[in-house]
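Worksheet: the structure to be examined is printed underneath.
The values are calculated or read from the model by the stated rules, or taken from the named source; none is laboratory data. Source: prediction; values computed, not measured. Here the Cβ positions follow ideal geometry from the backbone for every residue, glycine too, while neighbour counts run over all protein chains shown. The accessibility values were calculated without ligands, DNA or RNA, using every heavy atom of the protein model including side chains. Shrake-Rupley method; radii C 1.70, N 1.55, O 1.52, S 1.80 Å.
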Amino acid sequence: MPFLRFIDPASFFIGFLSASVIWFLLGRARPMLEEFRRNLTEQQEQTKIRKASTVEENHRRLILRRAQGTHLAAPLFALDEILQEPLLLAPPASVEPGGANRFEDVVTQTLPYLPAWPEIAAVYQPQTLTLPQALLGDANVVVIGQPGSGKSVALAHLASLAANRNEKLGAFQHHTPFYFHVADLKLPAQDSKNPLTVVNEAAAEHAPLFDRGKIPAFVQSAFKSGDVLFILDGYDEIPPNEQTLVAEFFKALLKAYPKTRVVVSGAPEYLDGLIPLGFAPLALCSWTEIGAQKFLAQWSDLWSRTVALEAWSQEIEQVDSLLLDSWLASSSLNMSPLELTLKIWNAYAGDSLGPSVLESIATHIRRLSPPNTPIAALETLAMQVVSSSAPIFDPYKAKEWVKSFEPTETLPQDEIGLGAEEAPAPKKGKKSEKAAAPSLSLVEKMRDSGLLVESRERMRFAHPVLAGYLAALALSDHGAEEALLDQPDWSGKYLAMRFIAARGEADRLVQAMLEFSRLPMHRPLFAAARWLRDAPKKAAWRGKMFGTLAAILQTEGVPLNLRGQAMAAFAYSGDASAAALFRQFAASNSFELARLAILGIGATRDVKSLSVLENAIDAPSLSVKRAACMALSALGTNDALEIVARALLNGEEDVRRAASEALANDPTEGYAMLRDGVTINDILLRRAVLYGLGRVREDWATDLLKKVQIEDEQWVVRNAATEVLDAKENGGNLAPTKLKAPHETPWLIEFAAKKGIGVSPGVPATDLLLLALKDDNPEVRLAALPFLKYTPQDTVLKQLYEAMYKDDPELREATFNLLWELGAAGVKLPHPSEYGLN
């Protein structure tokens, strides 16, 4: 070919050879290049992980620091130093037709479920859950309780466990925690389609400066993984309109990231928006007498080792700690953790204004108030906060509210807080060496003293109880207390009314609450019943309140859970007439009334009722016998415990078991009797004692059960030991769980098939569930109830009311509990008469 004559053979050969060598080398180098690329990618990923890990570790450290300082005595001690582990009342057992029944102890069988009155449950020590155990189900949790009951501490404790990756959290040990107060969240979100913008902003607020740019990627990665524990405090402190914003945020967050686990604080009376999202309300258990004594001992020890050594503490007159502790222990009945903490603090600091709860609160307010600040300024600020339903408020508005109390003279910045006699006088003939700094406003002084807390350019009182107390003083003085009745239900409103009543000036408030109160819940009545404890004994409205409560307590045919609240209100009031009333009702021919009255005797520790309780051990009703054993143990006297011991030795089998379980509430004589009982040559006695040991939350009791499980000669005793150990070790089975969709629920599919009905995805199964509610099988009726909570239409409510008034005690109580949740969620519950029920 002509073009070949232009090709130089040597050049062609050299080019061909070079190309071949290059391709050969590239072929051999390709694995090396791939490995280099992989290493480079891995290095980049490791760099990202290291950066994310640094952000996460800083995030966890900050959460731990905040959580350890989120409690009343934070100026003195870290949370873990003084903590009493928070416990939640175990909810009633869910029912699965054909499934195994949950193990129930004597308290569960005898004491009605009273989530709004956990003070009574604490007397009898029912089944409880720790916060980690409560998470073992797959439901999100709202921790409910009255203001001052320890909800913030419970959530701070959970945040501390999560921040430390504590092994107590089990499956949640490595979840990334996000821990906020409602005030930290700016709602509604600017980007409604991305709820993480709210989290990003709140997390960045607390993050170190160099981490803030990395927060969005860290948050996105954590939520995308599904391993997030979102803890939110303060939901119980805000009014309904703000609760709705939080609920909408949760709805969007859980829709986008359904694996996120949420724990939030709440109030028993108002949970607007949370129940429809599937949150399970769990009541925070009040401290037991033993728990209060343990807290007092911890405080005494810490104070003597730390605070007592400080210079200011040396200047106050010291009282013998044994005498102090003895006095404090004897006067702690029915006190909330907040109230007991303040009382102990005031006693040890020697600055108490008096022994009452109100005086304890006043002492702490004085402690937190800036020097030379008029109390009227604090009252005015609190009154404006409550009157405007703005527990989280704008500092600029607050300054306007109290501007009339601002001092006219200003001091240099380094002299603020000094009295006139303490401020140094300027030297004559010399000019000031430094210019006077702008003086702080009263609101800023309150923030710096700890009375107010600032977050994201908004403020709130350090505790809602302080705000309620101060607001009550101002509202009473201005005669404006009745304006509270026009507000929607929220904690600030009820706290202010409680402290107004404590001054005895609540006749019109009580009258209005009684007029508002009605079946099926009587919420206003029971809210006002909490005012009795602190109100003057001669207040005119007390008699009317007690009369209404007594009428409910005696009403047959209504749920025990409702009547039990009336009993709890009497016991909580501390009124001397309550014990006499309980003694009278304990002799009633109505077993339900006698049972409740006997439980009331135990709750009031009425030793005069000893003979009444002894006679009740022989009552025809097993529930009354069980209640008598529990009440005798609560009295705790030698005579009372001797009666229980005789029932354990000589009673019928069921009574022996009740006596054994009741003795488990007494850590001295009761524990000793149980230890001795396993060695006695009586099969029924040894078997009964095992159920008592199952209620003892100590290692020695578990070890003893394991020993009996292996060594006892009788199989019936060994089997009982196995049953008790299984129940003891499966505490997580008490945790609430999410409901499956109807088309994924086996028992409902089987029930529908028997009725010739299909269950389809996305199609409401309300009619089918109402049919199940009327079924002859009691398990099917109980299993249908939880589903109906999410469709509270009028037709459903009518069927629920009818179920509550049927002659089926278990269905009646379960239905009442469901309606209680609906009422807390904001559903308007009509009077039973509207459905033809009397």
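Return the carbon/sulfur percentage of the accessible area of the chain, one whole number, probe 1.4 Å, all protein chains in place.
Details: 21070 of 39130 Å².
With neighbouring chains kept in place, the figure for the chain is 54 percent.
Restricting to DSSP loop positions (anything but H, G, I, E, B) with no more than 15 other Cβ atoms inside 10 Å of their own Cβ, which trypsin sites (Lys or Arg not before Pro) remain in the range 758-838? Mind showing how you got there, number by number?
On the way: sites: Lys774, Arg781, Lys789, Lys798, Lys806, Arg812, Lys828; in loops: Lys774, Lys789, Lys806, Lys828.
Passing sites in the range 758-838 are Lys774, Lys806, Lys828.
For the chain, what is the calculated [θ] at 222 nm in deg cm²/dmol (nearest 500), taking -39500 (n - 2.57) for each run of four or more DSSP H residues and dividing by its residue count? Please report the intermediate quantities before stating the final value.
Values: 38 runs with 462 residues, N = 838.
So the helix-based figure for the chain works out to -17000 deg cm²/dmol.
Using Cα-Cα distances under 8 Å and only pairs 6 or more residues apart, what relative contact order does the chain have, in percent? Before the final figure, lay out the partial values.
Numbers: 1118 pairs, mean separation 109.0, N = 838.
Computed over the chain, the figure is 13 percent.
Dividing the alpha-carbon radius of gyration of the range 650-776 by 2.2 N^0.38 Å (N being the number of residues), what value is obtained? It would help to have the intermediate numbers written out before the result.
Details: Rg = 21.9 Å, N = 127, 2.2 N^0.38 = 13.9 Å.
Ratio of Rg to 2.2 N^0.38 Å for the range 650-776: 1.58.
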So for Arg656, Arg212, what's the accessible-area order with a 1.4 Å probe, most first?
Arg212, Arg656
Can you compute the charge dipole magnitude of the range 705-760 about its Cα centre, using +1 on each Lys and Arg Cβ and -1 on each Asp and Glu Cβ, nothing else charged? Give it in debye, rounded to the nearest 20.
340
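Pairs to check: Lys168/Lys259; Lys728/Lys774; Lys343/Lys544. Give those whose C-alpha atoms are more than 26 Å from each other in this structure.
Numbers: Lys168/Lys259 20 Å; Lys728/Lys774 35 Å; Lys343/Lys544 31 Å.
Check vs 26 Å cut-off fails for Lys728/Lys774; Lys343/Lys544.
Work out the length of the dipole vector of the chain about its Cα centre, built from +1 on the beta-carbon of each Lys and Arg and -1 on the beta-carbon of each Asp and Glu, and round it to the nearest 20 debye.
On the way: 85 positive and 101 negative charges, 437 e Å.
I would put it at about 2100 debye.
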Could you give the length gained on full extension between Thr668 and Thr737, defined as 0.36 nm per residue of separation minus the Cα-Cα distance, in nm?
21.2 nm
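Hand me the trypsin sites (Lys or Arg not before Pro) from the range 706-739 located in a DSSP loop with no more than 12 other Cβ atoms within 10 Å, in residue order please.
Details: sites: Lys706, Lys707, Arg718, Lys728, Lys738; in loops: Lys738.
Answer in residue order: Lys738.
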How many Å² of accessible area per residue for the range 524-592, probe 1.4 Å?
34
Could you pull the accessible area for Val678 with a 1.4 Å probe, rounded to 10 Å²?
20
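Rounded, prolate or oblate: which one fits the range 714-754, using the alpha carbon gyration tensor with axes a ≥ b ≥ c (rounded when a/c is under 1.5, else prolate when a/b beats b/c, else oblate)? Each step should come with its number before you reach the end.
On the way: a/c = 8.00, a/b = 2.12, b/c = 3.78.
It is oblate, given that a/c is not under 1.5 and a/b is not larger than b/c.
Which value, in Å², gives the accessible area per residue of the range 227-318 when a 1.4 Å probe is used on the protein heavy atoms? Intermediate results must be reported in sequence, preceding the final value.
Details: 3660 Å² over 92 residues.
Result: 40 Å² of accessible area for each residue.
Rounded if a/c is under 1.5, else prolate if a/b is larger than b/c, else oblate: which is the chain, with a ≥ b ≥ c the root eigenvalues of its Cα gyration tensor?
Numbers: a/c = 1.72, a/b = 1.21, b/c = 1.43.
Oblate is the answer for the chain, as a/c is 1.5 or above yet b/c matches or exceeds a/b.
In nm, what is the difference between 0.36 nm times the number of residues separating Asn730 and Ala73 and their Cα-Cα distance?
Details: separation 657, 0.36 × 657 = 236.52 nm, distance 3.46 nm.
Length gained, Asn730 through Ala73: 233.1 nm.
I'd like the FRET efficiency for Glu653 and Glu515, computed as 1/(1 + (r/R0)^6) with the beta carbon distance as r and R0 of 60 Å, rounded to 0.05. Don't skip to the answer; put the middle values down first.
On the way: r = 50 Å, r/R0 = 0.83.
With a Förster radius of 60 Å, E is 0.75.
Per residue, how large is the accessible surface of the range 683-783? Use a 1.4 angstrom probe and give square angstrom. Kindly include the intermediate steps, with their values, before the conclusion.
Values: 5480 Å² over 101 residues.
That works out to 54 Å² for each residue.
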Local electrostatic count, Ser265, Cβ distance below 13 Å [Lys/Arg +1, Asp/Glu -1]:
-2
Net charge near Leu169 (other residues with Cβ under 12 Å of its Cβ; Lys, Arg +1; Asp, Glu -1) is +1
So for the pair Glu698, Ser621, with labels modelled 7 Å out along Cα→Cβ, what separation do we get in nm?
3.4
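Taking 0.36 nm per residue of sequence separation and subtracting the Cα-Cα distance, how much length would be gained by fully extending the chain between Asp507 and Ser221, in nm to one decimal?
Values: separation 286, 0.36 × 286 = 102.96 nm, distance 5.67 nm.
Difference between extended and current length: 97.3 nm.
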Summed residue charge, Cβ within 11 Å of Gly479's Cβ, Lys/Arg positive, Asp/Glu negative
-3
So for the chain, taking the charge dipole from beta-carbon charges (+1 Lys/Arg, -1 Asp/Glu), which of Leu282, Asn561, Pro524 sits furthest toward the positive end?
Leu282
Expressed in square angstrom to the nearest 10, the accessible area of Lys493 with a 1.4 Å probe stands at 10
Using +1 at the Cβ of each Lys and Arg and -1 at the Cβ of each Asp and Glu in the chain, identify which of Asn838, Leu770, Gly291 lies farthest towards the dipole's positive end.
Leu770
Dipole of the range 555-679, positive end: most advanced residue of Asn589, Ala619, Ser633 [Cβ charges, Cα centre]:
Asn589
